[in-house]
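What follows is a single structure, written as structure tokens, with notes after it.
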């Protein structure tokens with residue numbers, strides 16, 4: 001039997017447990033958990049799809065951005081953001097636009113948001129890479145442009161140790177951002 005998953009909230013529609021096959025549900029059917037449209041569901045089991053796949057926190061972040069209509073992320077891949085880079089690579093609905101500098105990525109995301117009204121997203125590595133985003137993020141914040149900055153961070157074991165490229169990113173960014181949070185391991 002087939003299983004479908006809501007890409008917004010993760011709700012499972014299991015045809016073995018339901019009385020109506022997913023394909024026969026009306027087009028205006030919505031997720032009973034979050035109200036997402038039927039089109040937000042993805043087939044995850046059945047017709048040759050493997051039963052188990054490892055889903056990472058980065059996969060979920062990118063999945064949610066795609067659900068909100070984000071089509072591109074501006075930035076530079078590096079050691080501390082490789083899980084995000086891999087999640088972008090695996091998702092056919094979003095692209096990584098490589099920039100030469102993190103500041104350019106932030107300004108590109110800001111311009112994207114201002115000109116399109118859509119969410120602009122930029123990405124950087126930990127430490128100095130993240131501080132390079134500040135001018136572009138402040139530009140977006142000043143004009144109330146919706147921009148999300150995804151910052152790399154050193155491994156959790158090194159937080160607070162002043163190791164290479166470890167800075168208090170949340171403390172810095174919350175002074176000029178609407179919301180700043182550090183995401184840890186899944187759990």
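Out of curiosity, is residue 63 out of contact with any helix residue (DSSP H, G or I) (no Cβ under 7 Å at 6 or more places or on another chain), surrounded by 15 or more Cβ atoms within 10 Å (Cβ to Cβ) and in a strand (DSSP E or B)? The answer is no for residue 63. Among the residues of region 127-143, none qualifies, meaning not one is in the same structural domain as residue 71 (by TED's automatic domain parsing), modelled with pLDDT under 85, within 14 Å of residue 75 (Cα to Cα) and buried (at least 18 other Cβ atoms within 10 Å of the Cβ). Could you tell me whether region 19-40 includes any residue that is part of a loop (DSSP other than H, G, I, E, B), under 30 Å from residue 173 (Cβ atoms) and not assigned by TED's automatic domain parsing to the domain that holds residue 140? Yes, that holds for at least one residue. Test residue 102 against the stated conditions and say whether it is touching a helix residue (DSSP H, G or I) at 6+ places or on another chain (Cβ under 9 Å), closer than 15 Å to residue 151 by Cβ, in the same structural domain as residue 148 (by TED's automatic domain parsing) and modelled with pLDDT of 90 or more. Criteria met by residue 102. Residue check: residue 52 meets all listed conditions (1) modelled with pLDDT under 95; (2) buried (at least 17 other Cβ atoms within 10 Å of the Cβ); (3) in a loop (DSSP other than H, G, I, E, B) but one, namely (2). Just to be sure I understand, how many residues within region 66-107 are surrounded by 16 or more Cβ atoms within 10 Å (Cβ to Cβ) and over 30 Å from residue 37 (Cβ atoms)? Qualifying residue count for the region: 12. Given the conditions (1) assigned to a strand (DSSP E or B); (2) without any contact (Cβ under 8 Å) to a residue 24 or more places away in the chain, and given that residue 45 satisfies all but one, which numbered condition is not satisfied? Of the numbered conditions (1) assigned to a strand (DSSP E or B); (2) without any contact (Cβ under 8 Å) to a residue 24 or more places away in the chain, the odd one out for residue 45 is (2). Residues of region 144-166 being within 24 Å of residue 65 (Cβ to Cβ) and at pLDDT below 70, which ones? Correct list: 154, 155, 156.
The values are calculated or read from the model by the stated rules, or taken from the named source; none is laboratory data. Nothing here was measured: the structure is a model prediction, and the numbers come from that model. Don't worry about glycine lacking a Cβ; one is built from the backbone with ideal geometry, like all the others, and counts go over all protein chains shown.
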